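Worksheet: one structure, shown below.
FYI, it's all coordinate maths here, none of it is from the lab. Bear in mind the structure is a predicted one, so any value in this text is a computation, not a measurement. Because the Cβ atoms are built from the backbone with ideal geometry, glycine has one as well, and the counts that use them run over all protein chains shown.
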């Protein structure tokens, strides 16, 4: 279990508290950057520390590296403890509210003594915020909705974070001589976007030995329950992990049952009843005779169904499709041939072009698109026309060099402006291989305006992909108001591909929208939107989401060969 997440949270809290404390106008930026860098590490920070290379992490200088060492050694940072005394605000709670940033948090604390979600909600209900500057009726209503989102976020975990916590536990359990089988179950196995707790299922020889090991492992912060067949712990990351032990003859039935979903399982049981069968976590029975249970495939086969992949088990038509032999052949990570949306240090990425290309080459990609932000996104050092033209020449040189066994594509993530126009001239866009357009501003536009704005952008003859189509950030920011049905129809008319943004905090589009898009014939691009070399690994999360959306290899343009990709997006 790495401490990367804990370190990043501590650095981010320092950044937020410094902004509220307000004595140094810019100091907080260095801690925020360091927090982002630690979050994006593809390696255990303690391993990096052991090599003496903390200061090689982007944004981590001598001062911050010493604070990271202090946290790794003692679990605390003196500056953070001092700031908490000066500003006793639970900034991580209030910062989780959409559109509530350090300035608002500072005002709420100084004016009303608000320090957490509970005190904010109380003040809202008592009308104490009504007379504060900038607190109109609409803002207050958004804040009430935001509190609900923040509370949900405090009890939910991103699927990527849950996997990061669960996979080392499973790996350790597999090493035990008494463990015969072990699998992640529950909503995490179904690859839900966020999860509540983690379920792990084990088939063991000596149950007590496995349970004793589990509750005493190094990652355990608190033991919630310790039994012979079920134990529960809370990790040092604050996640609950439940471990269940089931006998080998019932392992498949138990895995199916505890994977869920509830609706999927209810329908399976009803099918069993019609066949005179009884299904539960111990097996599939005809009277007292167990006819299946040791493996999942046997359960589905005995019910007259093809095996249903866990990602589809939500009672969204997958059972009927299995009965009719019409389940989709879902895309896999091995089908991906390239990434069409990544950033470098030429805009807001943290690695150079060479570093990003080298990381992509290790994945044996056939093609790779450099797509930095454009000029309207000044906070991201967006590129104007002159810089883009230089980039085009640079990519030509890179391709000629032959240093990478893949085609480097010319791209950009172009801003959709308030009126639906783009912030780069058509004469430059026409020279790019892949033009991705995205909304990064005015996300509170009403539904009609946002829909018209996006549709107008898709009508541009040089646009190939719509990036992160709904703008959401899981557990942080809801989707903006937009009529996706109209957007999809416009995209189909103008041959624009829908992006499935694989960043684990986005996973945008969601599963339902993916099904709607592919149902009318739209193509999907699964892109990482990587800003670090380590974020190229986000592709797996995009594939998980695609599978939840019934997406096949044929639906995904970056599963095509280079020549077929260029034909598919040709305008």
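Please state the shape class of region 4-155: rounded when a/c is under 1.5, otherwise prolate if a/b exceeds b/c and oblate if not, all from the C-alpha gyration tensor. Taking the square roots of the gyration eigenvalues as a ≥ b ≥ c, region 4-155 is prolate. Each of residue 520 and residue 51 was given a label point 7 Å from its Cα along the Cα-to-Cβ line. The distance between the two points is 4.8 nm. Principal axis extents of the Cα atoms in region 333-568, from largest to smallest and rounded to whole angstrom, are 47, 37, 34.
Taking a ≥ b ≥ c as the square roots of the eigenvalues of the alpha-carbon gyration tensor, region 379-499 is classed prolate because a/c is 1.5 or more and a/b outweighs b/c.
Our compactness index for region 461-571, the C-alpha radius of gyration over the empirical 2.2 N^0.38 Å, is 1.01.
What does the highest-first list of 265-271, 450-456 look like by mean Cβ count within 10 Å?
So the peptides 265-271, 450-456, ranked by packing, come out 450-456, 265-271.
By the equivalent-ellipsoid construction on the alpha carbon gyration tensor, the chain comes out with semi-axes of 38, 33, 25 Å, ordered largest to smallest. The slack between residue 288 and residue 447, meaning 0.36 nm per residue of separation minus the straight C-alpha distance, is 51.5 nm. Kindly identify region 158-245 as rounded, prolate or oblate by the Cα gyration tensor criterion: order the square roots of the eigenvalues as a ≥ b ≥ c, call it rounded if a/c is under 1.5, otherwise compare a/b with b/c, prolate if a/b is larger, else oblate. Prolate, since a/c reaches 1.5 and a/b exceeds b/c. Would you mind computing, in nm to one decimal, how far apart the modelled labels at residue 396 and residue 479 are, each placed 7 Å from Cα along Cα→Cβ? Result for the modelled spin labels: 4.2 nm. Along its principal axes, region 87-185 has C-alpha extents of 65, 27, 19 angstrom, given from the largest down. The length gained on full extension between residue 495 and residue 170, counted as 0.36 nm times the residue separation minus their Cα-Cα distance, comes to 112.6 nm. Annotation: extensible slack from residue 568 through residue 236 equals 114.8 nm (criterion: 0.36 nm per residue apart, minus Cα-Cα distance).
Along its principal axes, region 255-323 has C-alpha extents of 31, 22, 18 angstrom, given from the largest down. Extending 7 Å from Cα along the Cβ direction at residue 84 and again at residue 384 yields two label points whose distance is 4.7 nm. Kindly list the residues of region 529-567 that lie in the label zone of residue 404, defined by a backbone N under 18 Å from the point 7 Å along the Cα-to-C-beta vector. What the label zone holds, given the 18 Å backbone N cut-off, is 529-540, 558-563, 565-566.
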